[in-house]
Amino acid sequence: MNEERKEYWRWAESRWTNPEISDWQGRTITAGVDIGSTSTQAVILVDGELFAYSNMRTGSDSPESANHAMAWALEGTGMTLDDLQYTIGTGYGRVNVPFADKCITEITCHARGANRIYGPSVRTILDMGGQDCKAIHCDERGRVTSFMMNDKCAAGTGRGMEAIANLLGVDIGEIGDRSFQVEEEPKPVSSMCVVFAKAEVAALMRSGWSKEMVLAAYCRAMAIRVCKLLTRNKMEPDFAITGGIAKNKGVVKRIEEIMGVTALEPQGYDTQIAGALGAAIIAIDMLKKKRARGG
Amino acid sequence: MLANYGYEDASGTYYITIDTDMCAECTDHACVGSCPAGLYDIILDDYDDEVAEIREEQRNSLRTLCSGCKAGGKTDWPCTAACAAGAIRHSW
Ligand code: SF4
Ligand code: SF4
């Protein structure tokens, strides 16, 4: 019998076009594509202004994911791939963007993107991605001054959170709110390792913990873990979170509480596009350099 | 830029920090030849400077890979001794 299983970890894919830009012909058009382990974003800028973007799940084939994400971002705009004057690939799959002119690391791109999304005062950036977690410090131009990453295990990453959502049968988008539906904050889970999480979650549920308590404990453990990374790199009060977990209030609020700071607001931007946005902004500089060389 | 490569696990914190602003001025890249574990590599970074980095596939095994140099509590490791600019620091 074919049984359809609900996948609780699936977050909603999205795309957006700027309704205020219709006359893009003859203007500077740059793009960034960020292929992460779990999500891929394509961003298009017209004269440096956000024109369109897409945010989708990464498939098993990185070049195909890049093609799909860009095709979706371009959809309905009248623009085609040939109109992109300079494209930068970033993220874990950056070398696999077939139409990219250059590849740049996600650390550099996230800092530049965060500088746009949160404003030039942002100094400390936490990028919580699907597979790893990075603490980045940057200057007022969004240039990286230091970074530190943790990719040794999936704990403290989107992948770890997705595993917990699936184990508990809770939609990924509900984790934040439900993690606050506890009378008192339970102690953080001891093992953050997703390999052991199944056994630990089962043991906690057997001992009478509600799903909300497990979520609270897991969100707190994740927050403690990333705060150590932030402190070790360089923490400043003008602090922002990029990546998918920025949307999980259960983790964000606990990080704010532990660090004694309030994360900057993304000013209407989707936090998941930070890397691709930064790539598209850097592409403007690259295009200028290329033109200056007569290319 | 201070580039920190490594990890934290139950046994401790193992990071190698490289001040890549110093690498950009370096001519001999002596770190590369000095390391018996071959941890250092020279790359062109995102700002088009030639800088040292720790090879990606070795970043999560630093404790084991550096154990030979650090045996017996030694603190004069080949990499830090070779880098005249003092661009390399270890957290452990
Ligand atoms: S020797 Fe020192 S300054 Fe030169 S490349 Fe290596 S780490 Fe950088
Ligand atoms: S301590 Fe030894 S093995 Fe470790 S980085 Fe330095 S030279 Fe290489």
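Does segment B:3-12 contain any residue that is closer than 30 Å to A:Cys227 by Cβ, among the acidic types (Asp, Glu) and within 12 Å of ligand 1 (Cβ to nearest atom)?
no
In segment B:29-46, which residue that is free of Cβ contacts under 8 Å to residues at least 24 places away in the same chain and either exposed (fewer than 15 other Cβ atoms within 10 Å of the Cβ) or within 11 Å of chain A (Cβ to nearest Cβ) (or both) is farthest from ligand 1 (Cβ to nearest atom)?
For segment B:29-46, the residue satisfying everything is B:Asp46.
Under 9 Å between Cβ atoms, at least 6 apart or on separate chains: pull out the pairs that start in segment A:89-108 with a residue that is not assigned by TED's automatic domain parsing to the domain that holds A:Leu277 and of a type outside the set (A, V, I, L, M) and end on any residue that is surrounded by fewer than 24 Cβ atoms within 10 Å (Cβ to Cβ) and not in a strand (DSSP E or B).
none
Taking only segment B:62-80 into account, find how many residues are among the aliphatic types (A, V, I, L, M), surrounded by 14 or more Cβ atoms within 10 Å (Cβ to Cβ) and more than 8 Å from ligand 2 (Cβ to nearest atom).
The total comes to 0.
Any idea which of (1) within 14 Å of chain B (Cβ to nearest Cβ); (2) at positive phi is the one A:Gly76 doesn't satisfy?
Condition not satisfied by A:Gly76: (1).
Out of (1) modelled with pLDDT of 95 or more; (2) assigned to a loop (DSSP other than H, G, I, E, B); (3) of a type outside the set (Val, Ile, Thr); (4) crowded, with 17+ Cβ neighbours inside 10 Å, what's the single condition that is false for A:Ser37?
Answer for A:Ser37: the failing condition is (1).
Taking A:Arg225 as meeting all but one of (1) within 14 Å of chain B (Cβ to nearest Cβ); (2) touching an Asp or Glu at 6+ places or on another chain (Cβ under 7 Å), write down the number of the exception.
(2)
Report, by residue number, each residue of segment B:1-28 that is surrounded by fewer than 17 Cβ atoms within 10 Å (Cβ to Cβ), closer than 21 Å to A:Ile107 by Cβ and aliphatic (A, V, I, L, M).
Scanning segment B:1-28 gives B:Met22, B:Ala24.
Please enumerate the residues belonging to segment A:94-119 that are outside any helix (DSSP H, G or I), under 19 Å from the mean Cα position of the chain (by Cα) and surrounded by fewer than 22 Cβ atoms within 10 Å (Cβ to Cβ).
Passing the criteria: A:Cys103, A:Thr105, A:Gly119.
For residues that are away from ligand 2 (no atom under 14 Å from the Cβ), free of Cβ contacts under 8 Å to residues at least 40 places away in the same chain, within 14 Å of chain A (Cβ to nearest Cβ) and in contact with a helix residue (DSSP H, G or I) (Cβ under 8 Å, 6 or more places away or on another chain), tally how many sit in segment B:48-61.
Adding up the residues that qualify gives 1.
The values are calculated or read from the model by the stated rules, or taken from the named source; none is laboratory data. Owing to the predicted nature of the structure, the values given are computational and were not obtained by experimental measurement. Neighbour counts run over all protein chains shown; Cβ positions are idealised from the backbone, glycine included.
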